[in-house]
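One structure is given below, encoded as structure tokens.
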Amino acid sequence: MTNSFSKTLALAAVGTVVAFTACEKSDHPGYDKSESGLYSKFYTHDEKGVIPKEGDVMQVMLAVKTDKDSILFDSKDPKVNRQGAPYVEFPLMKSEFGGSFEEALSTMAVGDSASFMVSIDSMYKGKETPPFLKKGSLLTYEVKLQKITTKEVVEKERQKQMEEQQIMMETRKNEEGKVLAKYLEDNKVTVKPTESGLYFIEKTKGKGPHPADGQKVMANYTGRLLDGTVFDTNSEAEAKKANIYDERNPYKPVEFTIGGLLVPGMSEALKMMGAGSKATIILPSSLAYGERGGGPIPPFSPMVFEVEVLSIVPSK
């Protein structure tokens, strides 16, 4: 999906509660046209069914096509729908213009399936039209409304999730010291931590000067959680072994800038290593991703890195 279409789909992710006005004669056979300019054709329609209100979350099966039948989005296609399901979910909010897809959604009841045609000129009025969309044409939305979750239920679920997240974070924060201590004991780590709390276990002593803040180093690395889960590596073999291999990744030595975007513990460790040095470094979460975590890394997670410094890039 292109960034431009992401913008188009974003328009479909908000809605409004607008009643249909009397229909005009349509120049598209099979479709009714509302006074606002929306074309609609219902395949199934429950006139007494539940319709969404502003703020409700809708679960829909959705396909979007141009007037040339080019498919811009299909919720059943896993390549473009990253939600991992054949449907998409989004809240119903306020429409940006009359005759919008949002207006269409507000007329649907649970179980309804329909086709709607929306003016591209109206959608992008006052804005630049993406090059793959033709001015004066229509976008066709094929929709089946599967479920509505009310705004009130959504807000209660969100509040519950926030409370559960807070409890989880407090638990992890309180248990981090014990978890780290057990790992050190189980792995017979006897080195003393640095003042910051970093455990540096040198495997191979390097040669030459150590890098300083702002310098770059070329290195290999593998990062693990204390349970052994690999969350990042530049080793193709390690990535495949851990089932995190990504064919888009070149898996080659990585250039790190000391004190740059690295977690604090990695920068501190690299400044203790010369070219050819290999080490295991153990970081408390305060020197890693802290209370926020990131991606597969939970909050308050200590971690272990295997690091090999290949070379230090000379300062210019």
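Values quoted throughout were computed directly from the atomic coordinates according to the rules given, and no laboratory measurement underlies them. Keep in mind that what you see is a predicted model, and the values were worked out from it rather than measured. So basically every Cβ, Gly included, is an ideal-geometry build from the backbone, and we count neighbours across all protein chains shown.
Backbone geometry of region 296-303 corresponds, through the Karplus equation with coefficients 6.51, -1.76 and 1.60 at θ = phi - 60°, to 3J(HN,Hα) couplings of x, 9, x, x, 6, 9, x, 8 Hz, x marking Gly and Pro. Taking label points 7 Å from Cα along the Cα-to-Cβ direction, Val313 and Lys76 give a separation of 4.9 nm.
When Rg and the Kirkwood Rh are both derived from Cα coordinates, the Rg/Rh ratio for region 260-315 amounts to 1.03. Amide H contacts under 5 Å for Ser36: Thr21, restricted to partners 5 or more places along the chain or on a different chain, H placed in the peptide plane at 1.01 Å from N. In this calculation the C-beta distance from Glu152 to Asp227 is compared with R0 = 41 Å, giving a FRET efficiency of 0.55. Among Tyr31, Tyr43, the ranking by other beta carbons within 10 Å of each residue's beta carbon, starting with the fewest, stands as Tyr43, Tyr31. As a calculated quantity, the FRET efficiency between Ala212 and Glu35 at R0 = 41 Å, using C-beta atoms, amounts to about 0.05. Straightening the chain between Glu47 and Thr194 buys 45.9 nm, computed as 0.36 nm per residue apart minus the Cα-Cα spacing. Packing, as the average of other Cβ atoms within 10 Å across residues, places the peptides 228-237, 102-111, 147-156 in the order 102-111, 228-237, 147-156, highest first. Charge dipole (Cα centre; +1 on Lys/Arg Cβ, -1 on Asp/Glu Cβ; no other charges) of the chain amounts to roughly 980 debye. Put in line by how crowded their Cβ is, counting other Cβ atoms within 10 Å and starting with the fewest, Asp27, Asp56 read Asp27, Asp56.
Over the Cα atoms of region 176-313, what is the Rg over Rh ratio if Rh follows Kirkwood?
Rounded to two decimals, Rg/Rh equals 0.95.
Packing around the peptides 88-94, 47-53, taken as the average count of other Cβ atoms within 10 Å per residue, puts them in this order, highest first: 88-94, 47-53.
Label-to-label distance for Asn187 and Glu175 is 1.9 nm, based on points extended 7 Å past Cα in the beta-carbon direction.
The residues packed around Asp112, meaning those with a beta-carbon under 13 Å from its beta-carbon, carry a net charge of +1 if Lys and Arg are +1 and Asp and Glu are -1. Placing +1 on each Lys and Arg Cβ and -1 on each Asp and Glu Cβ, with no other charges, gives region 80-210 a dipole about its Cα centre of roughly 640 debye.
Could you give the C-alpha radius of gyration of the chain expressed as a fraction of 2.2 N^0.38 Å, taking N as the number of residues it contains? Normalised Cα radius of gyration, the chain: 1.41.
Annotation note: trypsin sites (Lys or Arg not before Pro) in region 188-264 located in DSSP loop regions with a Cβ neighbour count of at most 10 within 10 Å are Lys188, Arg248. Couplings for region 113-127, taken from phi via the Karplus curve 6.51 cos²θ - 1.76 cosθ + 1.60 with θ = phi - 60°, read 10, 7, 10, 10, 10, 10, 5, 5, 4, 5, 4, 10, 4, x, 10 Hz in order; Gly and Pro are left as x.
Per-residue ellipticity at 222 nm for the chain, helices alone: DSSP H runs ≥ 4 residues times -39500 (n - 2.57), over residue total, nearest 500 deg cm²/dmol? Intermediate values should be presented prior to the final figure.
On the way: 6 runs with 67 residues, N = 316.
Calculated from helices alone, the mean residue ellipticity at 222 nm is -6500 deg cm²/dmol.
Against the main long axis of the alpha-carbon atoms of the chain, helix 151-186 sits at an angle near 10°.
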